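> First the structure, then my questions, so here it is.
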Amino acid sequence: MLVYSLKRFGLALMVAITVSIVSFMMIRLSGDPAVALAGENATSQEIELIREQYGFDRPILIQYLDWAARAIQGDFGESPYFNQPVTQIIGDRIGVTMKLGVMALLFAVVFSIPVGVLASIRPNTWIDRTALGISVMGQAMPSFWFGLIMIIVLGVWLRLLPISGTDSLANFVMPTIALGYYGIPAFMRLTRSGMLEVLSSDHIRTARAKGLRWGRVLFKHALRNAIIPVVALAAVQLGFLLGGSIVIESVFALHGIGYLAWESIGRSDLPVVQAIVLLLSMIFVGLTLVSDIINAFLDPRIRVK
């Protein structure tokens, strides 16, 4: 187990370094950062002054190494718009995004696993077709459109829920549903297919032949084995949900790092944008590493691959 964990950690570290290089280069290749920081009406002398001030006149490799060395220490520079350290700005906002992402993941898991189990034990029935319809709608419906519909119906017409802000738990109900619905199709399909495969296996038929109760066979033997790939998917989906929160936070005006990224892109606040891209990428890599280790613990066969 230790050897497997070290191998996965080494691979995750290589991916993290690659992601940091790619994200740094993409932001630099999107345009001259000195021009973006100076603004449209800046003179050439002002642009050159900013280029020297932020070190954009140095070779790109030197810029990356200097930025990476400071980023490892938690120093992402200072925001030219807020005039505050980027770490402090993100620290004030990340709690909202993490809360939204975790709530959306829990909503998706709690909703989709029972429905997936029901669809697997009643295949080709109205329950199975309803689950398939929910899955198709979740894939086809944009989350921002779903969020806007809920705002109109639940917030404006019925006045049941607040449409913006982070004052109470009620403010997160509609954003959680809009964001979590994105993850439901994957969880539901994986649970259904895994249960169908396990229920048709020999050890399940043997357990039924021994006279074990159906509920015990279903939950202790079948679901326990079928849930293993769902664990890996949950970690990956949490990374996707945190990244997708940029759109949802913008729709519901939740002041998390997603909304901060949207604001910073419009203001050409490159240090903040770059830090958010790196942070979300590292969270995704870390969650993938955790899911691999958990899967190896649950299924020893994975460790020998």
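> Highest mean first, how do 6-12, 128-134 rank when packing is the count of other Cβ atoms within 10 Å averaged over residues?
Top to bottom by mean Cβ count within 10 Å: 128-134, 6-12.
> Something else about it: Could you work out how far apart the two model spin labels at I72 and A42 are, taking each label as a point 7 Å from the Cα in the direction of the beta carbon, and quote it in nm?
Reported label-point gap for I72 and A42 is 3.0 nm.
> Please name which of L270, L223, A71 has its Cα lying farthest along the dipole of the chain towards the positive end, using unit charges on Cβ (Lys, Arg +1; Asp, Glu -1) and the Cα centre as origin.
Sorting the options by dipole projection puts first L223.
> Principal axes first, then extents: for the Cα atoms of the range 1-158, list largest minus smallest coordinate on each axis, whole Å, largest first.
Principal axes ranked by extent give 71, 56, 27 Å for the Cα atoms.
> Estimate the FRET efficiency between L196 and L106 by the formula 1/(1 + (r/R0)^6), using the beta-carbon distance for r and 25 Å for R0, to the nearest 0.05.
0.50
> Separate question: Going by alpha carbons, how many degrees (0 to 90, nearest 10) lie between the helix axis of 126-140 and the longest principal axis of the chain?
Computed tilt is about 10 degrees.
> Would you work out the charge dipole size for the range 1-148 about its Cα centre, treating the Cβ of every Lys and Arg as +1 and the Cβ of every Asp and Glu as -1, and quote it to the nearest 20 debye?
Result for the range 1-148 is approximately 980 debye, rounded to the nearest 20.
> So, one more: For a quick protection proxy, order the peptides 74-81, 239-246 by their average other-Cβ count within 10 Å, most packed first.
239-246, 74-81
> Could you compute the net charge surrounding R122? Neighbours are other residues with a C-beta less than 12 Å from the C-beta of R122; K and R count +1, D and E count -1.
That works out to +1.
> Sticking with this structure for a sec: Just the projected area, averaged over all directions, of the convex hull on the alpha carbon atoms of the range 115-178: how many nm²?
Convex hull of Cα atoms, orientation-averaged projection: 5.4 nm².
> Describe numerically, in nm with one decimal, the distance between label points set 7 Å from Cα along Cα→Cβ at I149 and at R58.
5.1
> Compute the FRET efficiency between V231 and T130 as 1/(1 + (r/R0)^6), taking r as their Cβ-Cβ distance and R0 = 35 Å, and round to the nearest 0.05. Before the final figure, lay out the partial values.
Working: r = 26 Å, r/R0 = 0.73.
FRET efficiency, V231 to T130: 0.85.
> What translational D, rounded to a whole number of µm²/s, comes out for the range 66-209 from Stokes-Einstein when the hydrodynamic radius is the Kirkwood one over Cα pairs, at 25 °C and 0.890 mPa s?
Calculated translational D: 133 µm²/s.
> Separate question: Can you give me the Rg/Rh ratio for the range 219-283, using Cα atoms for both radii and the Kirkwood formula for Rh?
Over the Cα atoms of the range 219-283, Rg/Rh equals 1.22.
> Express the Stokes-Einstein translational diffusion coefficient of the range 6-67 in µm² s⁻¹, to the nearest whole number, given a Kirkwood radius over alpha-carbon pairs, 37 °C and a viscosity of 0.692 mPa s. Please report the intermediate quantities before stating the final value.
Working: Rh = 13.3 Å.
Estimated diffusion coefficient is 246 µm²/s.
> Find the eigenvalues of the gyration tensor of the Cα atoms of the chain, then list the square roots of 5 times those eigenvalues as equivalent ellipsoid semi-axes, largest first, in whole angstrom.
44, 26, 14
> Per 0.36 nm of contour for each residue apart, how much would the distance between L169 and R205 grow if the chain were fully extended, relative to their Cα-Cα spacing? Let's see the in-between values first.
Values: separation 36, 0.36 × 36 = 12.96 nm, distance 4.56 nm.
Residue separation times 0.36 nm, minus the Cα-Cα distance, leaves 8.4 nm.
> Could you order peptides 149-157, 279-287, 117-125 by the average number of other Cβ atoms within 10 Å of their residues, highest first?
Packing proxy ranking, top to bottom: 279-287, 117-125, 149-157.
> With no solvent and one equal point scatterer placed on each C-alpha of the range 96-150, evaluate the Debye formula and give log10 I(q)/I(0) for q = 0.14, 0.15, 0.17 Å⁻¹, two decimals.
Taken in order of the listed q values, log10 I(q)/I(0) reads -0.49, -0.55, -0.67.
> Within a Cβ distance under 9 Å of P80, other residues only, what is the Lys/Arg minus Asp/Glu net charge?
Net charge in that neighbourhood comes out at -1.
Here, each number is a calculation from the coordinates, and none is a lab measurement. Predicted model only: the values in this text are computed from it and were never measured. Note that each Cβ is placed from the backbone with ideal geometry, even for glycine, and that neighbours are counted across all protein chains shown.
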